[in-house]
Amino acid sequence: MNPLGCHALVWAGDWTETSARYAIESTSQVGFDLIEIAILDPETVDTAMTRRLLADNGLGSACSLGLDDSTDVSSEDPAIVARGRDRLAAAVDVAHAVGADHLVGVLYSKLGKYPRPITQAGRDHVVESMAWLSKQAQDAGLSLSLEVVNRYETNVVNTAADMLALIDQTGADIGVQLDSYHMNIEESDFVTPIETVGSRMRYLHIGESHRGYLGTGTIDFDGLFGAVREVGYTGPITFESFSSVVVHPDLSNTLAVWRNLWDDSRDLAETAHAFMASRLTGG
């Protein structure tokens, strides 16, 4: 079965040793194979502590991030692009240091709503930066995947087909990360994007249409998991959910996490693990 993961924000909004221990131990106890750690500020991550806790609990990891206005590599401003590359280089270093296998997320632009379409100069910066990032990730032994997100979180690409076109422009070895929550907004169904990406999908986020308990929203998980089995995808499938109960000082506001969609992290995670495992086997 595919490695099953859980996003750290199911458990904790920061990454102090106390929070990291709770998130890692809880993820392992529920039965997940990996935890996805958000590293929006790579310089603050205690990599030695994180690596030790992961090893102590026999847990794999992935690292994810999105950029902000000051580090947006889709900007027309070369100075902002340069700062963005510095941030991405730091993220590569952190992911490598904690022993992660994957670096994923919105690595190609600011994570947030834009007031206008991307310019040609901005897209050129994205293509150049992602080709550069691919080399950094490869040298660090990381699998690199770019996440397809909805129109309110980037103006670069919003569909699986458009992401493939962007990656083709880079000429680099970069995977696609799909996400059921974003597919529900931008795609016509949940089967076609997975079939379109096929073997180029390297990471998959599973989230409900309202980002709460799986199976309580509008997403066609039977179709989605059927497509996953059909294309022979064997990579990580990571559960992602947000509630106002667990707050990250930056990411929660960026993602508009205003509602309390759940109170009990353990119950949420256990339900998600059972749901994903059952769908993967056609249950």
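The values are calculated or read from the model by the stated rules, or taken from the named source; none is laboratory data. Remember, it's a predicted structure, so these values are computed and weren't measured experimentally. Cβ placement follows ideal geometry from the backbone for every residue including glycine, while neighbour counts extend to all protein chains displayed. Only protein heavy atoms, including side chains, enter the accessible area calculation; ligands, DNA and RNA are left aside. Shrake-Rupley method; radii C 1.70, N 1.55, O 1.52, S 1.80 Å.
Residue by residue, here is whether (1) more than 15 Å from the chain's Cα centre (by Cα); (2) assigned to a loop (DSSP other than H, G, I, E, B); (3) on the phi < 0 side of the Ramachandran plot holds:
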| site | (1), (2), (3) |
| --- | --- |
| 144 | no, no, yes |
| 158 | no, yes, yes |
| 163 | no, no, yes |
| 169 | yes, no, yes |
| 172 | yes, yes, yes |
| 181 | no, no, yes |
| 211 | no, yes, no |
| 219 | yes, yes, yes |
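Report, by residue number, each residue of the stretch 25-50 that is under 30 Å from residue 281 (Cβ atoms) and under 17 Å from the mean Cα position of the chain (by Cα). Reasoning before the result, please.
Filtering the stretch 25-50 for residues under 30 Å from residue 281 (Cβ atoms) gives 25-38.
If the condition is that a residue be under 30 Å from residue 281 (Cβ atoms) and under 17 Å from the mean Cα position of the chain (by Cα), then 27, 32, 33, 34, 35, 36, 37, 38 are the ones that fit.
Could you grab me the full set of residues in the stretch 205-225 that are in contact (Cβ under 8 Å) with a residue 40 or more places away in the chain and surrounded by 20 or more Cβ atoms within 10 Å (Cβ to Cβ)?
Step one: filter the stretch 205-225 for residues in contact (Cβ under 8 Å) with a residue 40 or more places away in the chain, giving 205-206, 210-215, 221-222, 224-225.
205, 206, 214, 224, 225 - these are the residues of the stretch 205-225 that are in contact (Cβ under 8 Å) with a residue 40 or more places away in the chain and surrounded by 20 or more Cβ atoms within 10 Å (Cβ to Cβ).
A quick yes/no check of all residues on (1) touching a residue at least 24 places away in the same chain (Cβ under 8 Å); (2) farther than 19 Å from residue 251 by Cβ; (3) not β-branched (Val, Ile, Thr):
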site: 13; (1), (2), (3): yes, no, yes
site: 19; (1), (2), (3): no, no, yes
site: 61; (1), (2), (3): yes, no, yes
site: 64; (1), (2), (3): yes, no, yes
site: 72; (1), (2), (3): yes, no, yes
site: 93; (1), (2), (3): yes, yes, yes
site: 106; (1), (2), (3): yes, no, no
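Scan the stretch 41-51 for residues that are surrounded by 16 or more Cβ atoms within 10 Å (Cβ to Cβ) and either assigned to a strand (DSSP E or B) or of a type outside the set (A, V, I, L, M, F, W, C) (or both) and jot them down. Give the derivation first.
Start the filter on the stretch 41-51 by keeping residues that are surrounded by 16 or more Cβ atoms within 10 Å (Cβ to Cβ), which leaves 41-42, 45-47, 50.
Once the filter is applied, which keeps residues that are surrounded by 16 or more Cβ atoms within 10 Å (Cβ to Cβ) and either assigned to a strand (DSSP E or B) or of a type outside the set (A, V, I, L, M, F, W, C) (or both), the stretch 41-51 yields 41, 42, 46, 47, 50.
Can you tell me which residue is nearest to residue 92 (Cα to Cα) among those in the stretch 21-40 that are free of Cβ contacts under 8 Å to residues at least 24 places away in the same chain and open to solvent by 20 Å² or more (accessible area, probe 1.4 Å)? Can you show your working first?
To start, the set of residues in the stretch 21-40 that are free of Cβ contacts under 8 Å to residues at least 24 places away in the same chain comprises 22-23, 29.
Narrowing the set further to residues that are open to solvent by 20 Å² or more (accessible area, probe 1.4 Å) leaves 22, 29.
On the way: 22: 24, 29: 28 Å.
Only one residue fits best here, namely 22.
Return only the number of the condition from (1) at pLDDT 95 or above; (2) closer than 24 Å to residue 271 by Cα; (3) part of a helix (DSSP H, G or I) that residue 6 does not satisfy.
(3)
Residue-wise test of (1) within 21 Å of residue 111 (Cα to Cα); (2) acidic (Asp, Glu); (3) in a helix (DSSP H, G or I).
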| site | (1), (2), (3) |
| --- | --- |
| 198 | no, no, yes |
| 233 | no, no, no |
| 259 | yes, no, no |
| 271 | no, no, yes |
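Check 149, 176 and return the single one that is under 19 Å from residue 127 (Cα atoms) and in a loop (DSSP other than H, G, I, E, B).
Working: 176 fails: in a loop (DSSP other than H, G, I, E, B).
Matching residue, one of 149, 176: 149.
Specify which of the listed residues (188, 241) is in a loop (DSSP other than H, G, I, E, B) and touching a residue at least 60 places away in the same chain (Cβ under 8 Å).
Details: 188 fails: touching a residue at least 60 places away in the same chain (Cβ under 8 Å).
The match here is 241.
May I ask you to list the residues in the stretch 215-234 that are under 17 Å from residue 199 (Cβ atoms) and among the aromatic types (Phe, Trp, Tyr)?
Within the stretch 215-234, just 233 meets the criteria.
Does residue 116 meet the test of being assigned to a loop (DSSP other than H, G, I, E, B), open to solvent by 40 Å² or more (accessible area, probe 1.4 Å), over 30 Å from residue 4 (Cα atoms) and of a type in the set (Lys, Arg)?
On the way: assigned to a loop (DSSP other than H, G, I, E, B): yes; open to solvent by 40 Å² or more (accessible area, probe 1.4 Å): yes; over 30 Å from residue 4 (Cα atoms): yes; of a type in the set (Lys, Arg): yes.
Considered against the rule, which asks whether it is assigned to a loop (DSSP other than H, G, I, E, B), open to solvent by 40 Å² or more (accessible area, probe 1.4 Å), over 30 Å from residue 4 (Cα atoms) and of a type in the set (Lys, Arg), residue 116 comes out as yes.
Restricting to the stretch 68-93, what's the tally of residues that are open to solvent by less than 10 Å² (accessible area, probe 1.4 Å) and closer than 20 Å to residue 13 by Cβ?
1
I want to confirm something. Restricting to the stretch 247-264 and keeping residues that are within 19 Å of the chain's Cα centre (by Cα) and open to solvent by less than 20 Å² (accessible area, probe 1.4 Å), which single residue is modelled with the highest pLDDT? Step through it out loud before you land on a result.
Applying the first criterion (within 19 Å of the chain's Cα centre (by Cα)) to the stretch 247-264 yields 247-257.
Now narrow it down to the ones that are open to solvent by less than 20 Å² (accessible area, probe 1.4 Å): 251-252.
Numbers: 251: 72, 252: 66.
If we take residues in the stretch 247-264 being within 19 Å of the chain's Cα centre (by Cα) and open to solvent by less than 20 Å² (accessible area, probe 1.4 Å), then 251 is modelled with the highest pLDDT.
What about residue 70, is it farther than 30 Å from residue 52 by Cα, in a helix (DSSP H, G or I) and within 20 Å of the chain's Cα centre (by Cα)? Reasoning before the result, please.
Numbers: farther than 30 Å from residue 52 by Cα: yes; in a helix (DSSP H, G or I): yes; within 20 Å of the chain's Cα centre (by Cα): no.
Criteria not met by residue 70.
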